[in-house]
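Here it is, the structure in full.
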Amino acid sequence: MIKDGLLIPQEVAQLNSPTSQQLRVHSIESFGTHDGPGIRMVIFVQGCQFRCLYCANPDTMDVRGGHFLDIEELVNRAVKQKPYFRKAGGVTVSGGEPLLQRTILKKLFDRLHEEGINTVLDSNGRLIDQHAKDLLEVTDLLMLDVKHFNNEWHKKLTGLSNTSTFKVAAHRESTGKPMWLRYVLVPGWSDQEEHLHELGNHFKNYKTIERVEILPYHQLGVHKWEALGMEYKLKDVNPPNAQKLEKTASIFRSYFKDVRVN
């Protein structure tokens, strides 16, 4: 459960290991090329409060799922892959929602920096408190997933408000540290041109936004929903066509210098 944008103590206990030196992890991908700059080791953490209708990994939602891994084991894995990272690559933590384990992730990122490894956080901006700010301070790049600019549409898509997402963005801007925005384009749900323009106007003067990525909606995770006995409500929604993608990219390019369709 959530109170004032934060996890209540019972749920914190479910996420955290008794040793405070372990991260609750869903899975790890080696040699990722779509989760930040360069070649990356991607750690997908477990637990998320958003209930995105199009989530490709609904098995990451449960805060009691996944398994615990020691920080040092994760660092050792990253060090072994370091020759492949070269200058641009490093470690990305995605989800689930990483900010739910912000305290332990701060320790992980500190250790990665000691080894000279770049850090990226892929987050939906679920919450912002001092612990989140401390984590963001040692995050080399924040990839912020904006699900929708309009709060009511955001609630329809995710079940929750987008208020904290924009607070995270504002804090990141205040620090001067780099950020990418990511936007999932769902036909009929997040492709309304007036709201795309509103998003552009909101962020157009941000100096920390280096890139905007448009992620076309897909149905690759439907089988996971079915396996979990969960209803997938977007079965009748098709991926956006080339014309829709180009129109969205065109709108964003009127506000941002670097817009890409992934």
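So, of the residues in region 225-262 that are assigned to a helix (DSSP H, G or I), closer than 21 Å to Asn57 by Cβ and not aliphatic (A, V, I, L, M), which turns out to be farthest from the chain's Cα centre (by Cα)?
Top of the filtered list is Glu226.
Anything in region 34-46 that is surrounded by fewer than 24 Cβ atoms within 10 Å (Cβ to Cβ) and in a loop (DSSP other than H, G, I, E, B)? List them, or say none.
Matches in region 34-46: His34, Asp35, Pro37, Gly38, Ile39.
Name the pairs: first residue in region 235-262 and over 13 Å from Ile214 (Cα atoms) and of a type in the set (Phe, Trp, Tyr), second residue modelled with pLDDT of 95 or more and surrounded by fewer than 14 Cβ atoms within 10 Å (Cβ to Cβ), Cβ to Cβ under 9 Å, at least 6 apart or on different chains?
Correct list of pairs: Tyr255/Asn201; Tyr255/Lys204.
Condition check: assigned to a helix (DSSP H, G or I) and under 18 Å from Asp122 (Cβ atoms). Does Phe166 satisfy that?
yes
Collect the residues in region 47-93 that are exposed (fewer than 15 other Cβ atoms within 10 Å of the Cβ) and free of Cβ contacts under 8 Å to residues at least 24 places away in the same chain, keeping them in residue-number order.
Answer for region 47-93, where residues must be exposed (fewer than 15 other Cβ atoms within 10 Å of the Cβ) and free of Cβ contacts under 8 Å to residues at least 24 places away in the same chain: Glu73, Asn76, Lys80, Pro83.
Hey, another quick one. For region 169-204, which positions are in a strand (DSSP E or B) and under 22 Å from Ala242 (Cα atoms)?
Within region 169-204, Leu181, Arg182, Tyr183, Val184, Leu185 meet the criteria.
Would you check which residues across region 212-262 are closer than 21 Å to Leu199 by Cα and touching a Gly at 6+ places or on another chain (Cβ under 8 Å) and list them?
Within region 212-262, Ile251, Phe252, Ser254, Tyr255, Phe256 qualify.
Any chance you could count how many residues in region 127-183 are among the hydroxyl-bearing types (Ser, Thr, Tyr), crowded, with 17+ Cβ neighbours inside 10 Å and either within 17 Å of Val212 (Cβ to Cβ) or out of contact with any Gly (no Cβ under 9 Å at 6 or more places or on another chain) (or both)?
Quick first cut of region 127-183, residues among the hydroxyl-bearing types (Ser, Thr, Tyr) only: 139, 158, 161, 163-165, 174-175, 183.
Filter once more, keeping what is crowded, with 17+ Cβ neighbours inside 10 Å: 139, 158, 164-165, 183.
From the residues that got through so far, the ones that are either within 17 Å of Val212 (Cβ to Cβ) or out of contact with any Gly (no Cβ under 9 Å at 6 or more places or on another chain) (or both) too are 139, 158, 165, 183.
The qualifying residues number 4.
The values are calculated or read from the model by the stated rules, or taken from the named source; none is laboratory data. Small disclaimer: the values here were computed from a predicted structure and weren't measured. Neighbour counts are summed over all protein chains in view; Cβ atoms, including those assigned to glycine, are modelled from backbone coordinates with ideal geometry.
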